[in-house]
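Since the structure comes first, as structure tokens, the remarks are kept for the end.
Readers should treat all values here as calculations from the given coordinates under stated rules, not as data from a laboratory. On a predicted model such as this, the values are computed, not experimentally measured, just so you know. Because the Cβ atoms are built from the backbone with ideal geometry, glycine has one as well, and the counts that use them run over all protein chains shown.
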Amino acid sequence: MTTITDPPKESFRLSMLLYDTRYRSMTIQVIALIGFSAAVWWLVGNTIQNMNALGKDLSFNFLGEPAGYDINQRLIEYTSQSTHFRAAIVGVLNTLVIAVLGCALATVLGIVIGVLRLSNNWIVSRIMTVYVEMFRNVPVLLWIVLAMAILIETLPAPRDYKGDDATASMFLESVAVTNRGIFIPGPSFSNGFANSTISWLLVVGVLVASILAIRYVRAQATKKQEATGVRPTTWYLQLGLLVVPVSIVCIAMGLFWTSPELKGFNFKGGIHLRNSLIALWLALSLYTAAFIAENVRAGIMAISKGQSEAAGALGLRPNRIMSLVVLPQALRVIIPPLISQYLNLTKNSSLAIAVGYMDITGTLMGISLNQTGRELETLLLGMLIYLTISLLISAAMNVYNSRMQLMER
Amino acid sequence: MSDTHAQTVAYVRETMLEPQAPPVTVVGPIGWAKTNLFSSRLNTVITLIALAFVYLVLSILLPWAFHNTWSATSLRDCREMTGTDHGAACWGVIRDRWQQILFGNYPVDLRWRPILDLVLLLVALAPILFSNVPRKLLWFSAAYPFIMPWLIWGGSVWVPVMAAVGFILGYLFLKFGEKALGSLFAMIGAVVVAIVWWLFFLGPVSDIFASILPIGLEKLGSSRDIGGLMLAFVIGVVAIGLSLPIGIVLALGRQSDLLIVKTLCVGFIEFIRGVPLITLLFVASTLLNIFMPPGTNFDIVLRVIIMVTLFSSAYMAEVIRGGLAALPKGQYEGGDSLGLNYWQAQRLIIMPQALKISIPGIVSTFIGLFKDTTLVSIIGLLDPIGWATAIRADTDWIGILWELYAFIALLFFIICFGMSRYSMYLERKLKTSH
């Protein structure tokens with residue numbers, strides 16, 4: 001007679017924590033957690049002890065106190081009487097300005113250079129190779145400092161524009177390139193809203209609405225193409241939608257341009273692009289463009305030649321081959337590293353402090369830190385801001401990646 | 001057979017004609033130029049524009065660069081020598097100041113030490129970089145991390161020796177304790193033993209040895225004397241050497257199934273990658289002492305090295321994680337089916353392949369790290385860029401610009417370009433596919 005018996009129940013032994021795979025991972029994790037907590041405990045304990053010894057406490061009250069310093073480039077109202085918090089906001093906005101400007105220029109340059117590097121014209125591809133290697137292998141800080149030094153030392157001073165024997169003259173009577181920065185005409189409204197920000201928001205709002213309308217027109221055109229096989233001509237409608245509403249709004253609010261004029265020792269009026277902004281912008285864009293060029297080149301090379309040949313065999317024209325077959329596939333390869341280059345550019349913009357551009361590193365983690373002596377708080381806040389920007393950008397990247405992923409079966 | 005060929009054939013060629021050379025327009029320099037430069041009308045125009053551009057650049061650069069101004073002692077001197085205010089390079093500044101750009105304020109009579117260090121670095125790297133170098137040299141490579149800081153900072157020889165003893169003790173504990181305690185506890189024990197040795201025994205024991213046998217080098221007055229390219233090298237080499245192993249551990253942690261370990265690693269990596277290096281350097285210069293036990297005051301260069309290492313190890317971890325993710329799952333399963341445990345599988349199967357895949361990424365992280373060492377000039381250390389700023393403020397050299405930055409850029413270019421070429425060589429050498 002046979003009976004089925006359960007295997008003997010193992011009683012729990014201490015050694016099973018280590019040798020039984022069911023428990024071992026738990027043991028390791030608990031040990032890791034204990035080690036980590038001990039390290040944090042130790043660091044925090046030290047910090048508290050040291051802060052007490054220095055007579056400091058952890059407090060963010062300084063953010064509400066007047067900053068007491070000026071910021072030369074500001075997108076929002078700011079005076080030296082404003083708070084440290086407002087100074088930090090000005091800094092964040094300046095960081096975003098340089099990041100957006102830099103990413104835009106770097107993308108354009110990078111795509112052009114990356115495509116030209118693949119050119120079958122030997123000398124052009126060689127020149128582009130030299131460019132890429134030159135910029136990739138030299139520190140970006142050197143390019144920034146060098147660009148700043150060039151702007152200051154080689155451009156004419158404002159006084160050169162003065163008098164009858166002026167050695168420099170304004171470009172088209174409206175743009176002055178000086179060693180104190182570039183002065184360009186600035187737009188303003190004669191009968192807009194009292195608060196100029198609202199007027200600008202209105203213009204931007206109209207522009208966004210136009211773009212949405214254009215997208216709708218395009219979607220309709222595609223629908224019609226899919227139904228009938230003939231794509232209606234819509235480019236004049238799109239152009240009109242883009243230009244007309246904005247023009248109407250601008251004219252209604254009385255848009256006019258103020259040109260910079262030489263008054264005293266410097267130019268007044270218009271928009272003053274400071275050397276620090278231009279140097280940082282150029283250096284970061286040229287540097288990042290070299291990396292983007294490599295990504296673009298890799299992306300285009302990743303698309304096999306058969307793809308464009310097959311598209312040609314289907315009877316597509318060269319520009320349709322590019323836009324319908326090659327680019328959509330190449331973009332899937334190019335975009336993820338491109339976005340991480342944007343991330344790098346944004347982080348590298350913190351080098352602004354080397355040329356005195358007042359971004360978040362210059363305001364919150366620079367002057368505010370020195371004036372209040374609150375290293376811990378300012379650095380924590382600053383890091384948190386950069387971390388937020390980075391995480392937002394990489395979240396955007398993840399969304400894009402999951403959308404563009406090849407649907408494999 | 002038949003008589004169809006009865007009549008004599010009028011003419012049959014007995015020798016073949018020599019094959020004709022292809023037309024000159026297809027081969028040789030002309031053919032090359034035709035396909036690569038003038039293949040179409042548009043291409044011809046582009047070529048001419050590009051040639052004009054190259055001519056323009058060279059016609060500005062060459063007359064500027066070739067002036068014999070090596071003996072000049074100030075910018076004024078230079079201008080008298082060349083007779084022009086602008087448009088002539090003044091190389092005297094390089095002759096006058098190259099020592100500071102390379103060594104900073106490092107004492108002149110001790111400069112043989114960093115130079116020897118560099119030579120030893122090349123010797124120590126040789127067996128790692130090239131496979132046809134005697135393997136015995138690897139022992140020297142293992143000893144180099146202890147020799148290098150000693151040569152730079154000086155002091156008693158017993159300190160680095162006793163620091164090495166900590167590693168040996170840990171290794172011995174691991175080797176002999178494994179039987180009794182099992183691999184996990186032996187590893188934890190080894191780490192604890194080494195740390196206890198470094199914290200509590202390193203100082204006293206090396207003092208005892210130093211009083212018995214006082215061998216040592218002259219101690220460097222202050223770390224701030226380390227400057228110029230040498231500072232970039234010290235930070236770069238140490239951080240590169242440390243970030244690779246830390247990066248591997250972090251990458252493994254991030255790939256592991258253990259939730260807590262994974263969370264800690266992801267948190268660390270994402271935090272470090274989310275903030276710019278300069279903020280970490282601010283932490284090094286202003287905050288790091290606050291995190292340490294009261295009374296600790298350690299060296300600014302060391303603090304910078306710690307932060308730079310943390311920074312680059314996070315990037316290294318991501319690069320290696322890419323390599324790990326690119327390995328087919330079969331490799332992991334193959335390791336398991338051979339009965340290897342986790343560490344054996346990692347060491348023998350996974351890591352060699354994952355590291356090979358990630359070579360380009362690893363080297364470009366190294367290059368980025370080496371370039372990023374220039375950021376220390378912002379927190380007041382005098383690296384080459386810091387010195388350039390200082391020299392440009394000198395009354396003798398006010399107004400100097402291109403020469404100085406060109407020289408520094410060239411130094412960095414040679415090193416970084418060399419690294420990237422080496423990575424290409426290594427990729428080719430390790431390539432096993434067809």
Calculated FRET value between B:Glu427 and B:Tyr342, using beta carbons and R₀ = 45 Å, to 0.05: 0.95
Per-selection Rg to Rh, the range B:1-119 - Cα, Kirkwood hydrodynamic radius: 1.51
Alpha-carbon centroids, the range B:277-298 and the range B:238-262: separation in whole Å: 23
Kirkwood Rh (inverse of mean 1/r, distinct Cα pairs), the range B:374-419, angstrom: 11.3
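With an 8 Å Cα cut-off and a minimum separation of 6 or more residues, compute the relative contact order for the range B:68-183 in percent.
This gives 15 percent for the range B:68-183.
In chain A, once you exclude exposed GluC sites (Glu not before Pro) (DSSP loop, at most 12 other Cβ within 10 angstrom), what's the longest stretch remaining? Before the final figure, lay out each step's value.
Values: sites that count: A:Glu10, A:Glu77, A:Glu173, A:Glu408.
With a cap of 12 other Cβ atoms within 10 Å, the longest stretch comes to A:174-407.
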Cα-based radius of gyration of the range A:276-360 once divided by 2.2 N^0.38 Å, which approximates compact folds: 1.50
Inverse mean reciprocal Cα-Cα distance (Kirkwood Rh) of the range B:155-291, Å: 18.5
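Which whole-number percentage describes the relative contact order of the range B:169-278, with Cα contacts under 8 Å and a sequence gap of 6 or more?
Over the range B:169-278, the number comes to 13 percent.
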Residue-count net charge about B:Ile269 - beta-carbon cut-off 11 Å; Lys, Arg +1, Asp, Glu -1: +2
The protein assembly as shown - mean residue ellipticity at 222 nm from DSSP helices (-39,500 (n - 2.57) per run, n ≥ 4, rounded to 500): -21500 deg cm²/dmol
Label-reachable residues, the range A:195-222, where backbone N falls under 15 Å from a point 7 Å from A:Val230's Cα toward its Cβ: A:221-222
The protein assembly as shown: Cys lacking any partner C-beta under 4.7 angstrom: A:Cys103, A:Cys250, B:Cys265, B:Cys416
Candidate lysines - alpha carbon under 21 Å from A:Lys162, same-chain residues fewer than 8 apart omitted: A:Lys263, A:Lys268
Under the Debye formula (equal points on every Cα, no solvent term), log10 I(q)/I(0) of chain A at q = 0.08, 0.13 Å⁻¹: -0.70, -1.39
Hypothetical label at B:Leu51: residues of the range B:16-42 whose amide nitrogen lies under 15 Å (7 Å Cα-Cβ projection): B:29-42
Orientation-averaged projected area, Cα convex hull of the range B:155-217 (nm²): 4.2
Efficiency of FRET from Cβ geometry, A:Leu384 and A:Leu14, R₀ 56 Å, rounded to 0.05: 0.80
At 1.306 mPa s and 10 °C, Stokes D of chain B from Kirkwood alpha-carbon radius, µm² per second: 59
Amide H partners (placed H, <5 Å) of A:Thr83, local residues excluded: A:Ala67
Square roots of five times the Cα gyration tensor eigenvalues for the protein assembly as shown, Å: 48, 43, 36
Local electrostatic count at B:Ile246 - Lys and Arg +1, Asp and Glu -1, tallied over other residues with Cβ under 13 Å: 0
Mean-position separation - Cα centroids, the range B:364-401 and the range A:139-188, in angstrom: 25
Proximal aspartates and glutamates to B:Lys356, defined as alpha-carbon separation beneath 16 angstrom and excluding residues fewer than eight positions away on the same chain: B:Glu318, B:Glu427
Extended-chain gain in nm, criterion 0.36 nm per residue less alpha-carbon gap, A:Ala53 and A:Gln220: 53.1 nm
Label-to-label distance, nm, for residues given as B:Arg76 and A:Leu155 (7 Å Cα→Cβ offset): 3.0
Calculated from backbone phi, Karplus (6.51, -1.76, 1.60) coupling profile of the range A:134-144 in Hz, x at Gly/Pro: 5, 7, 6, 9, 10, x, 5, 4, 5, 5, 5
Ascending count of other beta-carbon atoms within 10 Å, so fewest first, for A:Met358, A:Met397: A:Met397, A:Met358
Relative contact order (%) - criterion: Cα under 8 Å, at least six apart; region: chain B: 16
Net length gained if the chain between B:Phe298 and B:Leu42 were fully extended (0.36 nm per residue, minus Cα distance): 85.8 nm
Ranking of B:Ile415, A:Ile113 by count of other Cβ atoms within 10 Å, fewest first: B:Ile415, A:Ile113
